Amino acid sequence: VGGRSVGVPGIPKLLEDVHKRYGKLPWASLFGKPIELAEKGFAVSPRMAKSIEQNRQYLQRYPQTAAYFLPEGKPLAAGTVLKNPEFAASVRLLAQKGSAPFYTGKPARNMVKAVTGARDNPGKISLADFKNYRVIERTPVCAPYREYEVCGMGAPSSGAIALGEILGILQNQNMKTLGADNIHSWRWIGDASRVAFADRDYYVGDPAFVNVPTKTLIGQPYLKTRAGAIRGTDKALPKVEAGRFGALAAGKAVELPSTSHLVIVDKEGNVVSMTTSIENAFGSTLMANGYLLNNELTDFAFNPAGEDGKTVANSVAGGKRPRSSMAPTIVMKNGVPYMAVGSPGGSRIIGFVAKTLVAHIDWGMDIQTAISLPNMLNRGSTYEIEEKTAAAAKAPALEQLGYKVQVRDLNSGVQGIVIGKNGLQGGADPRREGKVMGD
């Protein structure tokens with residue numbers, strides 16, 4: 001936390017850019033609800049109150065943040081009506097003037113001042129960094145799975161690449177026949193995920209700085225070989241290493257789960273799958289203009305030197321965008337959108353989305369049942385199982401297969417919509433405050 005970890009926020013410019021290309025309603029008309037919520041206030045949810053209490057030691061570090069979340073030194077209680085007139089003013093300015101003030105005006109100066117003036121961990125962000133920020137449109141990464149194409153965001157996000165690897169390996173196994181209750185279904189998912197995470201640690205970074213071998217990583221020539229290793233045993237793979245595609249070193253980063261996801265399908269068939277994040281539960285815990293600033297730069301590798309002098313794809317550099325695990329996904333069938341899905345959850349996002357896709361596509365679950373299915377995932381070393389669910393009973397069987405197992409809270413927030421012949425079917429994760437809404 002603190003100033004050193006704050007990166008230039010991209011959302012205001014992104015939303016404005018997308019609206020200019022695709023929007024129909026006047027820009028200024030789109031912000032009434034957040035302005036109203038900020039001015040009139042909203043009730044603090046039990047989950048938010050719990051998070052404030054858990055992060056109290058960080059929230060009390062900076063006066064503005066402490067005054068907002070810890071009034072009179074006490075964490076906000078559930079049910080408290082929380083107002084934020086300063087944020088309302090920021091949103092009103094965005095509505096009236098667009099994103100320009102956010103990057104070149106007083107809001108930008110306030111953010112730079114907060115970051116560079118953080119007394120215990122000042123950052124180096126500058127007004128030039130804000131002024132030079134650009135939105136980059138990237139070619140989607142699409143991987144075949146059964147009769148579908150699963151499409152998402154490419155590097156520096158690792159989400160679609162990792163999903164492409166997991167599903168590409170599972171493409172070589174009849175997951176439908178195995179079924180959701182068979183422990184070997186989860187062995188396949190677990191070891192496919194271990195392969196994907198090993199590769200992402202080595203090869204995924206900002207493509208402006210490093211060559212990311214996306215087509216190779218999600219291609220069947222490579223993935224059939226990895227699937228063959230899984231098929232060749234009835235136990236967990238004893239060791240999973242990255243494929244060999246270049247002289248790079250693994251980069252380990254801290255990816256934290258304070259993220260939001262939404263999916264929308266409109267009456268004309270337009271689809272949005274959007275994941276957005278400030279990284280930690282309360283970002284950097286610095287505030288400016290009524291909002292928290294991110295600590296997204298912790299997504300960069302914490303070992304930028306690498307092993308034996310090798311380059312780390314996700315090492316930190318000026319103007320570079322950090323690797324993430326966000327996996328906003330649109331599933332295509334016969335060239336048209338069939339499904340939109342995604343989740344918050346830090347680096348566990350990949351496992352949450354993979355589980356949901358397999359549960360729906362292979363195991364025939366409707367979207368809500370697929371989302372609600374207990375989470376089980378493996379990011380490389382430990383098989384994590386959602387506590388207080390039926391999945392916890394699978395822990396001994398996974399241990400017998402050779403996995404190290406941890407039963408813990410797995411707070412996904414999957415949102416999904418399936419576009420059927422007779423309309424839309426939505427699902428929202430019961431683990432968070434999400435809702436299914438429609439006209």
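The values are calculated or read from the model by the stated rules, or taken from the named source; none is laboratory data. These figures come from a predicted structure and were not determined experimentally. Virtual Cβ from ideal backbone geometry, glycine too; neighbours counted across all protein chains shown. These accessible areas exclude ligands, DNA and RNA; they are computed on the full protein's heavy atoms, side chains included. Shrake-Rupley method; radii C 1.70, N 1.55, O 1.52, S 1.80 Å.
Could you list all residues from the range 324-346 that are surrounded by fewer than 24 Cβ atoms within 10 Å (Cβ to Cβ) and among the hydroxyl-bearing types (Ser, Thr, Tyr)?
Result: Tyr338, single match.
Lys388: of a type in the set (Lys, Arg), out of contact with any Phe, Trp or Tyr (no Cβ under 6 Å at 6 or more places or on another chain) and surrounded by 24 or more Cβ atoms within 10 Å (Cβ to Cβ), yes or no?
The answer is no for Lys388.
Among the numbered criteria (1) hydrophobic (A, V, I, L, M, F, W, C); (2) modelled with pLDDT under 95; (3) in a helix (DSSP H, G or I), which one does Ala242 miss?
(3)
If only one of Pro140, Pro156 is open to solvent by 40 Å² or more (accessible area, probe 1.4 Å) and either closer than 25 Å to Gly346 by Cβ or at pLDDT 95 or above (or both), which one is it?
Result: Pro140 is the single residue among Pro140, Pro156 that is open to solvent by 40 Å² or more (accessible area, probe 1.4 Å) and either closer than 25 Å to Gly346 by Cβ or at pLDDT 95 or above (or both).
Of everything in the range 101-131, what is open to solvent by 50 Å² or more (accessible area, probe 1.4 Å), in contact with a helix residue (DSSP H, G or I) (Cβ under 9 Å, 6 or more places away or on another chain) and of a type outside the set (D, E, K, R)? Give them in sequence order.
Thr104, Thr116, Gly117, Pro122, Leu127
Need at least 1 residues that are of a type in the set (Val, Ile, Thr) and over 21 Å from Gly190 (Cβ atoms) per element, so show me which strands (runs of 3 or more DSSP E) inside the range 344-438 make the cut, counting only ones lying wholly within it.
Filter on the range 344-438 gives 415-420.
Could you go through the range 115-132 and let me know if any residue there is out of contact with any Cys (no Cβ under 6 Å at 6 or more places or on another chain), within 20 Å of Lys333 (Cα to Cα) and in contact (Cβ under 8 Å) with a residue 12 or more places away in the chain.
No, that holds for no residue.
Could you tell me which residue of the range 302-323 is most open to solvent (accessible area, probe 1.4 Å), considering only residues that are in contact with a Lys or Arg (Cβ under 7 Å, 6 or more places away or on another chain) and modelled with pLDDT under 90?
Checking each candidate, the answer is Phe302.
Which residue is nearest to Gly351 (Cα to Cα), if the candidates are limited to the range 404-433 and must be surrounded by fewer than 17 Cβ atoms within 10 Å (Cβ to Cβ) and basic (Lys, Arg)?
Arg408
Return the only residue of Arg21, Arg47 being out of contact with any strand residue (DSSP E or B) (no Cβ under 7 Å at 6 or more places or on another chain), assigned to a helix (DSSP H, G or I) and without any contact (Cβ under 8 Å) to a residue 60 or more places away in the chain.
Result: Arg21 is the single residue among Arg21, Arg47 that is out of contact with any strand residue (DSSP E or B) (no Cβ under 7 Å at 6 or more places or on another chain), assigned to a helix (DSSP H, G or I) and without any contact (Cβ under 8 Å) to a residue 60 or more places away in the chain.
How about the range 61-106: which helices (runs of 4 or more DSSP H) wholly inside it have at least 3 residues that are out of contact with any Leu (no Cβ under 6 Å at 6 or more places or on another chain) and farther than 24 Å from Ala49 by Cα?
Once the helices (runs of 4 or more DSSP H) in the range 61-106 are filtered for at least 3 residues that are out of contact with any Leu (no Cβ under 6 Å at 6 or more places or on another chain) and farther than 24 Å from Ala49 by Cα, what remains is 85-97, 100-104.
Among the residues of the range 279-291, count how many are part of a strand (DSSP E or B) and surrounded by fewer than 22 Cβ atoms within 10 Å (Cβ to Cβ).
The qualifying residues number 2.
What are the residues in the range 8-42 that are open to solvent by 70 Å² or more (accessible area, probe 1.4 Å) and closer than 30 Å to Lys320 by Cβ, if any?
Those that are open to solvent by 70 Å² or more (accessible area, probe 1.4 Å) and closer than 30 Å to Lys320 by Cβ: Leu15, Lys20, Arg21, Tyr22.
Consider the range 177-208. How many of its residues are open to solvent by less than 20 Å² (accessible area, probe 1.4 Å), of a type outside the set (A, V, I, L, M) and part of a loop (DSSP other than H, G, I, E, B)?
Total meeting the criteria: 3.
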